1. Pull out a ≥ b ≥ c, the square roots of the eigenvalues of the alpha-carbon gyration tensor of chain B, then state rounded if a/c is under 1.5, prolate if not and a/b is larger than b/c, and oblate in the remaining case.
2. Write down, largest first, the equivalent ellipsoid semi-axes of the protein assembly as shown in whole Å, where each equals the square root of 5 times an eigenvalue of the alpha-carbon gyration tensor.
3. If you plug each phi of the stretch C:261-272 into the Karplus form 6.51 cos²θ - 1.76 cosθ + 1.60 with θ = phi - 60°, what whole-Hz ³J(HN,Hα) values come out, in order, with x for Gly and Pro?
4. May I ask you to evaluate 6.51 cos²θ - 1.76 cosθ + 1.60, the Karplus curve with θ = phi - 60°, for each residue of the stretch A:247-264 and list the ³J(HN,Hα) values in order in whole Hz, giving x for glycine and proline?
5. Kirkwood Rh, the stretch C:172-293, all Cα pairs: how many Å?
6. Around C:L186, which amide H atoms from residues at least 5 apart in sequence, or from another chain, sit under 5 Å from its own amide H, with H modelled in the peptide plane?
7. Greater than 18 Å separation of Cα atoms is the criterion. Which listed pairs, C:K200/C:K244; C:K68/C:K184; A:K89/A:K109; C:K120/C:K200; C:K23/C:K68; C:K246/C:K284, meet it?
8. Would you tell me the mean number of C-beta atoms belonging to other protein chains that fall within 10 Å of each C-beta in B:20-32, as a whole number?
Amino acid sequence: MISAPRGGRGDDTARTKQFEIKSHVMSQTELSHSRGITATRGNTDGHVSTLALTFHRAALWLQSPRPYLMFIGFSLFLGFWYLAVEVWKLPRFAEMPGLTTVVSEWLSKNPTYGLSIFMEEYYLHIWVSTRRIAIAFFLATAIGVPLGLFLGWSKRFKQYVFPVFELLRPVPPLAWVPLAIVMFAGSETPVIFLTFLASFYATALNTMLGVESIDVSYIRAASCLGAKRWQVFRHVIVPGALPFIFTGLQISVGVAWFSLVAGEMVSGQYGLGYVINTSYTMVRYPTIIIGMVTLGIVGYVTSAAIRMLGNYMMQWRTRELALGEER
Amino acid sequence: MSALSKWSFKVSSFIVGEDFWRGIVAIIVFLIFWEIGSRSEALFGFAFPWVGQVPAPSAVLKEIYRLIQEPSFWHSGYLSTRRVLEGFFAAMLVGIPLGLAMAVSRTFYGITFPVFEVLRPIPPLAWVPAAIIFWPTQELSIAFVTFLGAFFTIVINVIGGAQSIDVRYFQAARSMGSSTFDIFRRIILPGVLPSIVVGATVGIGITWAVVVAAEMISGGGSAGSMGGAAGGGLGFFIWNSYVGGSYTQIVAGMISIGAAGYMSSAILRKIGQLLTPWLAEG
Amino acid sequence: MTTQPAYTRSSAPVAGVAAQARKGGVRIMDVVKRYGTQDAGVLAVDHCTFDVPAGEITVVVGPSGCGKTTLLNAIAGFHSLTSGSIYLDNEMLCGPGRLKAEPGPDRIVVFQNGALFPWKTNIENVAFGPIMQGYMTRKDALEKARDMMADAGLRGIENNYPGEISSGVRRRVEIVRALMTDPKILLLDEPYRALDSLTKSVMHEALLEIFYKNRVTIFFITHDLEEAIFLGHRVVIMTTRPCKPKTILDIDIPHPRDYNVLTTKRFREFMDETAAAVHEEATKAFAAGEKER
């Protein structure tokens, strides 16, 4: 894989900089080496150190080039949008709502198309979508995590259940829409079912994977120490799979939003997907963008919330990662 | 042991193994419950909730048999598959270089990643109306949305893969005097390949989901005017079956999509294995 | 003193040691372990027979992949035998009719890569055994754990997570955890393999200190001959896969030992006697292309 030696070309230091791939995105390790505050030995007062940690990290962040690059990135993106639609009036962008139109609409007290941050209807739609996500996600987690745990833990159970599970999985969530409408009465349930399905598969699969990737030494050690099977399950399997479970949950929330929007666009009333769809059919283009941006924000917030919950529940992992020592 | 004999040993021991039979039993039980549930109205005088409304497997099977003889059905399949492949390859074409650029250049990453991360949580389908406004033809708008679906996944995977290439490979190559191009070709590319494969396998699943959804929403695209219940792609086919009240067709359509999606993932995985033979070594 | 592997070795109590009944003596008799079928399988252990005397440290040395871990796993109860039998304190652990033992707190394993639960604090780890087995309340178990950790020189890290301490310290915590339940025999599977040699020498002395306090039988696997001779009362040198005892040595360097032993004449004499044998097996293993596990 490594080529035969050739005469060295150019400046060594330039190449060093170019291929320092590991360092620049591994902000965790960077920070941990430079920070004076580490997860202190035996310090159980989580609150003080977390807060101080946050401030410290924020200060470091501001000193790095990152916020300025970020600013450049957004300016380029938004700038291009603004210029393309409103200044240069490029033909392709003729019908697109411009940046200023969208922003002014979004922030106006009296929006032309009825949706802005001051309108109650806006929050109603957000609430409706979020509620659906919450129900579907909660159900998917409540059923998916235990199922995934058992699928990973009991070989026999997996032999029976997994084939059926895999049989239904390739059908994309939206393909279930008509069937869901046929099966479930009302307009809410099909949409929630759809969201639930997609979420459930992601959760169950990742949980199962999590259990299967637990180092067998842990299980053996626990057995040696006298733990019975159910104790091994509770003290080794469940905590051991937790990192994977939380990754799965983050994926699951993303997938849930994906399916929810699809479901809302096809059937159902209220909700952000519905907003986007009707805004299109009623030729209220700026509202489409408002809907999209809102979706992005809410989606990000839900993901972040889960990630933070995971970090809190897995203190041992955050501390370990924070130290980042060579071992 | 030759590769062929190894493989046939694996297959035959799998079939004889308990894995296989338990799975078969479970599937059969599942189908039986489904059949009974669908016929619950006729059998028990009242319909089971949910299952009671679903067409029975036997009826679905008959429908599938009928459909595979109809050319318009295969045409739908072709349309959907074509859209998936178009979007998918576009996503790979743009995503891989972009991901590599982001992984290699700190500055480029700093500029582009925040914007990327902000756009990522927006579900691809939410882009549909914007895409329709922007692109001249409906076909292109579906392709664009499909592209978005796979794009984000592929970029994230490429960045992750490039990051995890052990920095010592670069040091070793440089100490042997490799040129920049050589390093790119012989270290970065193979190093990133496994992550690209993973991103692609996941991405194509997403692509299928998006294509089906987009077809349902936008009414089958320009080919929808072909008419008949099976024009405009499989997504449109399912929606039309629903509108037309033919429930067995709905399920038949779902099964076809599932099968197509599964096969494309499997093919990709196989291609992936061929491209990265070093991973298979025990 | 080198002996050929013969079954004349007596299992009488070792002369000169205290008369208290020592537990944990293991007798391995004609053990065979084959993975897979008769034709397409791999023979890991080939008619292995030797003794692990109670109250002593027995070290098994051999090249990587030779099957010594398989033996340990059979004693611990993780793997079954193909034939032969293993006795613990004259009771059959596994053998004809019952080819697999059950893992239990009388034979605790310390693993190569460490198996301290990362999601529990150190003291919760140490107290795990008694709490699981239920013969102590949580409060009592934690107290005893604190005492034992202090005894082993590990005071102050009770409330940290394993991920926060160095790997050498982690090993020591793991050994304390193993000793909490007063096992008959401690099974150590190359526990210091991943440590640098400076840390290793500290670990060795720590292990010996623990041994002198507790007198638990120790069955130790390693690929490092020096480590073996330094620690062991008895060293068993294995052939490459399938493994079989090639040479059995009784190390008569007196206990208690410390690192000064390494430079004594007797130590060098042992190294001379055995280095050739070990090297021979290592070369065979290398030629056979044994892979690191």
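Rule-based calculations on the coordinates, nothing more; no lab input. The model shown is predicted, which means the values in this text are computed figures rather than measured ones. Positions of Cβ are generated from backbone atoms using ideal geometry, with glycine treated the same way; all protein chains shown enter the neighbour counts.
1. Oblate.
2. Details: eigenvalues 682, 228, 152 Å².
Working through the eigenvalues yields semi-axes of 58, 34, 28 Å.
3. 4, 4, 9, 6, 5, 4, 4, 5, 4, 4, 4, 4
4. Working through the residues one at a time gives 4, x, 5, 5, 4, 4, 5, x, 5, 4, 4, 3, 5, 4, 4, 4, x, 5 Hz.
5. On the way: mean 1/r = 0.0640 Å⁻¹.
Result for the stretch C:172-293 stands at 15.6 Å.
6. When sequence neighbours closer than 5 places are left aside, the close amide H contacts are C:T217, C:I218, C:F219.
7. Working: C:K200/C:K244 27 Å; C:K68/C:K184 20 Å; A:K89/A:K109 28 Å; C:K120/C:K200 25 Å; C:K23/C:K68 22 Å; C:K246/C:K284 13 Å.
Result: C:K200/C:K244; C:K68/C:K184; A:K89/A:K109; C:K120/C:K200; C:K23/C:K68 exceed 18 Å.
8. Working: counts 2, 1, 9, 9, 1, 3, 8, 5, 1, 2, 5, 2, 0.
Partner-chain Cβ atoms within 10 Å, mean over residues of B:20-32: 4.
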